[in-house]
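The values are calculated or read from the model by the stated rules, or taken from the named source; none is laboratory data. For clarity, every value in this text was computed on a predicted model and none was experimentally measured. Because the Cβ atoms are built from the backbone with ideal geometry, glycine has one as well, and the counts that use them run over all protein chains shown.
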Number of protein chains: 2
Amino acid sequence: MAAAPASSASAAGNREAFRVAVTNTLERRLFYVPSFKIYGGVAGLYDYGPPGCAVKANVLAFWRQHFVLEEGMLEVDCPCVTPEVVLKASGHVDKFTDLMVKDEKTGTCYRADHLLKDFCKDKLEKDNTLPPEKTAEFNHVLAVLDDLSAEQLGAKIKEYGIVAPDTKNPLSDPYPFNLMFQTSIGPSGLSPGYMRPETAQGIFVNFKDLYYYNGNKLPFAAAQIGQAFRNEISPRQGLLRVREFTLAEIEHFVDPEDKSHPKFRDVSDLEFLMFPREQQLTGKSAMKLNIGQAVSEGTVNNETLGYFIGRVYLFLTQLGIDKDRLRFRQHLPNEMAHYAADCWDAEIECSFGWIECVGIADRSAYDLRAHSDKSGVALEAHEKFAEPREVEKLVITPSKKELGLAFKGNQRMVLEALEAMSETEALNMKSALESKGEVEFKVCTLGKDVTIKKSMVSINMEKKKEHQRKFTPSVIEPSFGIGRIIYCLFEHCFYQRPGKAEDEQLNVFGFPPLVAPIKCTVFPLVKIEKFEVVAKKISKALTAAGISHIIDMTGNTIGKRYARTDEIGVPLAITVDNTTSVTVRDRDSKDQIRVEVDEVASVVKEVTDGQSTWADIMWRYPAHTASAAEEEEASET
Amino acid sequence: MAAAPASSASAAGNREAFRVAVTNTLERRLFYVPSFKIYGGVAGLYDYGPPGCAVKANVLAFWRQHFVLEEGMLEVDCPCVTPEVVLKASGHVDKFTDLMVKDEKTGTCYRADHLLKDFCKDKLEKDNTLPPEKTAEFNHVLAVLDDLSAEQLGAKIKEYGIVAPDTKNPLSDPYPFNLMFQTSIGPSGLSPGYMRPETAQGIFVNFKDLYYYNGNKLPFAAAQIGQAFRNEISPRQGLLRVREFTLAEIEHFVDPEDKSHPKFRDVSDLEFLMFPREQQLTGKSAMKLNIGQAVSEGTVNNETLGYFIGRVYLFLTQLGIDKDRLRFRQHLPNEMAHYAADCWDAEIECSFGWIECVGIADRSAYDLRAHSDKSGVALEAHEKFAEPREVEKLVITPSKKELGLAFKGNQRMVLEALEAMSETEALNMKSALESKGEVEFKVCTLGKDVTIKKSMVSINMEKKKEHQRKFTPSVIEPSFGIGRIIYCLFEHCFYQRPGKAEDEQLNVFGFPPLVAPIKCTVFPLVKIEKFEVVAKKISKALTAAGISHIIDMTGNTIGKRYARTDEIGVPLAITVDNTTSVTVRDRDSKDQIRVEVDEVASVVKEVTDGQSTWADIMWRYPAHTASAAEEEEASET
């Protein structure tokens, strides 16, 4: 929604060049590759190769530690295959669509909004003769793009004469395409199913069991990590828009009347970039806010939502996301579902602009109510009162006798319709009956209006004793797109530094030890047996300590070996240049220290477990001064 | 294939009662529940609730440590959505089927072999008047069940008059039903896809990149953990036969001419139950064998296969699988794919009988060749010779001139067919030409035979220098059904012990700390503030140490709280009965020791990380003698 900061063509060019450098390194070193490449690939499907897979496992392990373990969440694991009824209730069968147009001759499909967006952007960037009113018009179209109906989109496409980009053929009118992968469960062909578009529904349908598991107490959170699927019309932007991806979702169930959070104080002093609705609508920028203040001033709807925003900030920055390229953007009214109380996206800036990576939404009671209604199973919570409370309650008492006389065979339908009235409807009827003596009343099951007279029903507020309150909990949902976070992390951690040869640039992924795919390398300085024996001994100690590492016995120069491992973001390198002590080198500073062979695995563990930083360690061990044999390392080739 | 040991009806009854006790506990404590229960559920789909999900995460983390990290495997992560061409090449589109019959009136589907199996078993168990030849016949049918064709199955169903079990209606003839969930990729409807039935294909199609990543060296192994899908006709046996499941698969690529394994000595002394083909065919039982000997005597085809069998044994027993109910069963010739060199299943005995949980197969070069052929991309390895080698090679040299004169416009087809001859065909032609001067030769592209004369082609063995050897690697595949392993683990760890009340039986899951869903509980002995403060302090220290735990502040008796946590397999309980030291209790022995408050988190970590056992710890701390207040605990209610 919020426009990216205006940038000159050269800034765009730099971004493009940077992205090419990052993605080339990522694909060359097998962080990820297009899936099924030997068969030409499939758009929107990617494989994580060994280093990418390790980064992903580390991100997920940290997510489990930071959220599930530290918050005592109930983790569940539900299937991807989902029967239609569940996604009918959630609204996905009817509404999880994008508008599509077809090339009328070849049948090739395009996203209607993408074509219109590309057309407007192209005009704005390349047409120097554009009159000011046209510039304003195209900018307006871009701003409201997400809100356009199929008819409006179709009209614009016609008006601008937009044609199929590949063939210049005319396009069909836009029509909705459901983004779920459809399948059939069992052999009969009679049970349609879908691959889940999100993991959340698996939690909602289990609410009753989870609430019981939690001792029938609120609040509690359930969490799930798993695959989700969206059959995108025409995927682009690499890892950012894919047809299958890993989600990590939390559903925090809370009493709608009390959304305070006992641990809110733990995060309330945090300050970071926030982009409230107000700022966006008045054309201002994101600004640094204190989350405690944002909640107390009502910018953020409630403490629980604020608590999760704070925890997400800590999660992302500890992974290695640059805090200056991370902002929390509030949804504008037109972006938010009608039932949502408030919604903030953690957006991370990368070469594609600001990307939504985590959505943190207060979805009120919508999802539980939808599944209650569809399944007929009450998904609600109870609050037992310490003492019974006297409450005023509206009681509707139809007179069966009068109804029977008036409606005969239809008596039951009228009676049920009266009893099913909402409080407002009943109060309206009461006042109408009192003033006019009778009222027209629609009975859906009869498909017509009937006349209700004063004698047929009594409607009164009565005092009652209640021992508990029943309610549908609100749900606050932080939902993490793991692939998007990882891609942004790749960009934020990537840098280049000069190599030995002129103009040579060496690639480095400066991953924090927490996410580094491999924590450490072991190199014998030269290919002689006594060094190899020590290297193998160290490797064994590292394995026993659970530290992923590689041992490189090739005869390459030490500088080449460092460059190769810097490129996959290995934070520490052990060079075996002696049989009693070895050199440990830090990737980013290139500083080196000397550590005893027997101690080195525990030193590496200390740093990679996050108990110490390299700076802490540096002080404890003698610095290593490069010998003649290692001179070349100084210049890194 | 191997028949379960003959058992009396009472043994079957005991097994059944045991299974009910285990699964009731599992479902009641939310280890797993049928998915989408509020909508009536879907057969063959299950959710893991919090403790089940934690057990699964622990099993997978240990798998990564034991296989990926310790063996330096290349882990990858590929999508579930797979285009048709990949599964056409692998054979799944054509052959991944079960035979199905339909109720001719209602359309309900059944697995044909299941109906025949149930019929035979029922007859054997319940019909006392069965003549010996009929007994032999039914036993024979059960033995060859997996080998029956659709026609043979249909004939048996007709012969025995088997009808639909639910309605007694007649059944259709058996026909193959493909077990893959089908879907469509992208909006056009023109790109069929399937949800992968195994994770292995994602590795095979990446072989070229992975080989390069490994420095173009063999052997190496790639590994993948992920969801797989089988649209079962009529799932039964709970977690053992499901429509969606987690697989952990390893593809170890090796030179077919050298299947030795450098670390084979690490496992060669292991002894465990093996069930070689020979034993099965001669009606004997599984027996304890030394894996080193089994390989050297040729019972197991090669060292690499033997190494993985040993590693799988260590993996399963360290998880808590009872070694006396674990056997490695060799596939019989009729079970094995035609291309497989050897195949062993790790089978675990549970109340359903012996269940295949891990398959360890030498699949030779089949998969890589299939994808090479289909994609046209060479998936092969190279061995560079230290020195060029002189080899004899068959060289076929057609004479273009002679062929042109004889075949005119068909010359090219004949020439290509001659060049495409295999070595055997060429040598046959050579000897025929030498003895008879001419030979009939089938040219497929012409659809007819032509006459080849001696002057048209020369076929000779020639000496050539070769610098490298190109070959398609063999693949050895250990494939783990994670859900099946977990279910068997549940059964093997479950036991009951008497409670306080007469006839009361308390359930215990005796999980090793490695897999226990929650490592420790913290209970204030009585509900007073100073104990709660200490409990919270300990909880914080446990969280910081990454130890999953629950803190129970309810006022329940300590015995009740122990019983509740024994039932989900928590190995250690900390009772806060003092502000300086606390009681630590072991789940299985119920022994208690006293540990200082500040030390207790690290003691728990020592045991749950596997550095120490409870027996080790017991010696270091004073035993705790129950006070009057805890007397009740002695009797566990």
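Filter region A:485-511 for residues that are within 34 Å of the chain's Cα centre (by Cα) and among the hydrophobic types (A, V, I, L, M, F, W, C) and give the result. Within region A:485-511, A:I485, A:I486, A:C488, A:L489, A:F490, A:C493, A:F494, A:L506, A:V508, A:F509, A:F511 qualify. So which of A:D173, A:D147, A:D166 ends up being within 14 Å of chain B (Cβ to nearest Cβ) and closer than 27 Å to A:R230 by Cα? None of the others qualify; the one that does is A:D166. Filtered by the rule that a residue be part of a helix (DSSP H, G or I) and either more than 7 Å from chain B (Cβ to nearest Cβ) or surrounded by 24 or more Cβ atoms within 10 Å (Cβ to Cβ) (or both), region A:68-92 gives A:V68, A:E84, A:V86, A:L87, A:K88, A:A89, A:H92. Here B:D98 fulfils each of the conditions (1) modelled with pLDDT under 95; (2) facing another protein chain (nearest Cβ under 7 Å); (3) under 22 Å from the mean Cα position of the chain (by Cα) apart from (2).
For B:P473, indicate whether it is surrounded by 15 or more Cβ atoms within 10 Å (Cβ to Cβ) and in contact with a Lys or Arg (Cβ under 9 Å, 6 or more places away or on another chain).
no
Taken as a whole, region B:34-57 holds no residue that is touching a Ser or Thr at 6+ places or on another chain (Cβ under 7 Å), under 27 Å from B:H331 (Cβ atoms) and either in a helix (DSSP H, G or I) or at pLDDT 95 or above (or both). For beta carbons closer than 8 Å, sequence separation of 6+ or different chains, a first residue in region B:40-52 that is under 16 Å from B:S234 (Cβ atoms) and a second that is of a type in the set (S, T, Y) and at pLDDT below 95, the qualifying pairs are B:V42/A:S191; B:A43/B:S234. Applying the criterion of at least 2 residues that are surrounded by fewer than 22 Cβ atoms within 10 Å (Cβ to Cβ) to the strands (runs of 3 or more DSSP E) found wholly in region B:156-231 leaves B:175-178, B:182-184, B:220-229. Counting the residues of region A:189-228 that are among the basic types (K, R) and more than 8 Å from every other protein chain (Cβ to nearest Cβ) gives 2. A search for C-beta distances below 7 Å between a residue of region A:603-616 that is over 12 Å from A:L542 (Cα atoms) and any residue that is of a type in the set (D, E), counting only pairs 6+ apart in sequence or on different chains, returns A:S612/A:E606; A:W614/A:D586. The one condition from (1) surrounded by fewer than 20 Cβ atoms within 10 Å (Cβ to Cβ); (2) among the polar types (S, T, N, Q); (3) touching a residue at least 12 places away in the same chain (Cβ under 8 Å) that A:Q330 does not meet is (1).
Any residue in region A:189-202 that is at pLDDT below 95 and out of contact with any strand residue (DSSP E or B) (no Cβ under 7 Å at 6 or more places or on another chain)? Yes, region A:189-202 contains a residue that is at pLDDT below 95 and out of contact with any strand residue (DSSP E or B) (no Cβ under 7 Å at 6 or more places or on another chain).
If you check A:L130, A:L142 for being assigned to a helix (DSSP H, G or I) and touching a Lys or Arg at 6+ places or on another chain (Cβ under 8 Å), only one passes: A:L142.
Results for (1) among the β-branched types (V, I, T); (2) at pLDDT 90 or above; (3) in contact with an Asp or Glu (Cβ under 6 Å, 6 or more places away or on another chain); (4) in the same structural domain as B:L239 (by the TED database), shown as yes or no for each residue.
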residue: B:M421; (1), (2), (3), (4): no, no, no, no
residue: B:A426; (1), (2), (3), (4): no, no, no, no
residue: B:P478; (1), (2), (3), (4): no, yes, no, yes
residue: B:R484; (1), (2), (3), (4): no, yes, no, yes
residue: B:R497; (1), (2), (3), (4): no, yes, no, yes
residue: B:F523; (1), (2), (3), (4): no, yes, yes, no
residue: B:V526; (1), (2), (3), (4): yes, no, no, no
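Does B:N14 qualify as being exposed (fewer than 15 other Cβ atoms within 10 Å of the Cβ) and outside any loop (DSSP other than H, G, I, E, B)?
yes
The set of residues in region B:67-102 that are among the charged types (D, E, K, R) and closer than 20 Å to B:N178 by Cβ comprises B:E84, B:K88, B:D94, B:K95, B:D98, B:K102. Among the residues making up region A:37-67, a single one is buried (at least 24 other Cβ atoms within 10 Å of the Cβ), touching a Lys or Arg at 6+ places or on another chain (Cβ under 7 Å) and within 7 Å of chain B (Cβ to nearest Cβ): A:Y48. Can you say whether B:D342 is in contact with a helix residue (DSSP H, G or I) (Cβ under 7 Å, 6 or more places away or on another chain), among the charged types (D, E, K, R) and in contact (Cβ under 8 Å) with a residue 60 or more places away in the chain, as far as the supplied structure shows? Answer is no for this residue. Restricted to strands (runs of 3 or more DSSP E) entirely inside region B:329-437, those with at least 1 residues that are more than 19 Å from the chain's Cα centre (by Cα) are B:381-398. Got at least one residue in region B:229-249 being closer than 15 Å to A:Y194 by Cα and either aromatic (F, W, Y) or in contact with a Cys (Cβ under 6 Å, 6 or more places away or on another chain) (or both)? Yes - at least one qualifying residue is present in region B:229-249.
Of all residues in region A:338-358, those that are of a type in the set (A, V, I, L, M) and more than 20 Å from A:L247 (Cα to Cα) total 2.
On the given criteria, is B:I233 closer than 28 Å to B:G353 by Cβ, touching a residue at least 40 places away in the same chain (Cβ under 8 Å), within 12 Å of chain A (Cβ to nearest Cβ) and not hydroxyl-bearing (S, T, Y)? Considered against the rule, which asks whether it is closer than 28 Å to B:G353 by Cβ, touching a residue at least 40 places away in the same chain (Cβ under 8 Å), within 12 Å of chain A (Cβ to nearest Cβ) and not hydroxyl-bearing (S, T, Y), B:I233 comes out as yes. Between a residue in region A:200-217 that is closer than 16 Å to B:N556 by Cβ and any residue that is assigned to a loop (DSSP other than H, G, I, E, B) and among the hydroxyl-bearing types (S, T, Y), which pairs come within a Cβ distance under 9 Å, given they are 6 or more apart or on different chains? Correct list of pairs: A:G215/B:T554.
Only a single item in (1) surrounded by 18 or more Cβ atoms within 10 Å (Cβ to Cβ); (2) within 14 Å of chain B (Cβ to nearest Cβ); (3) modelled with pLDDT of 95 or more is not met by A:F275, and it is number (2).
In region B:523-551, of all residues being basic (K, R) and more than 22 Å from A:N214 (Cβ to Cβ), the one that is farthest from the other protein chains (Cβ to nearest Cβ) corresponds to B:K530.
Across region A:361-403, the qualifying residues are those that are among the basic types (K, R) and without any contact (Cβ under 8 Å) to a residue 24 or more places away in the chain, and the one among them that is nearest to A:K430 (Cα to Cα) is A:K400.
I'd like the full set of residues that are more than 14 Å from B:A381 (Cβ to Cβ) and in contact with a Pro (Cβ under 9 Å, 6 or more places away or on another chain), limited to region B:193-218. Listed by number, the residues that qualify are B:G193, B:Y194, B:R196, B:G202. If you check B:R325, B:R412 for being out of contact with any helix residue (DSSP H, G or I) (no Cβ under 6 Å at 6 or more places or on another chain) and surrounded by 15 or more Cβ atoms within 10 Å (Cβ to Cβ), only one passes: B:R325.
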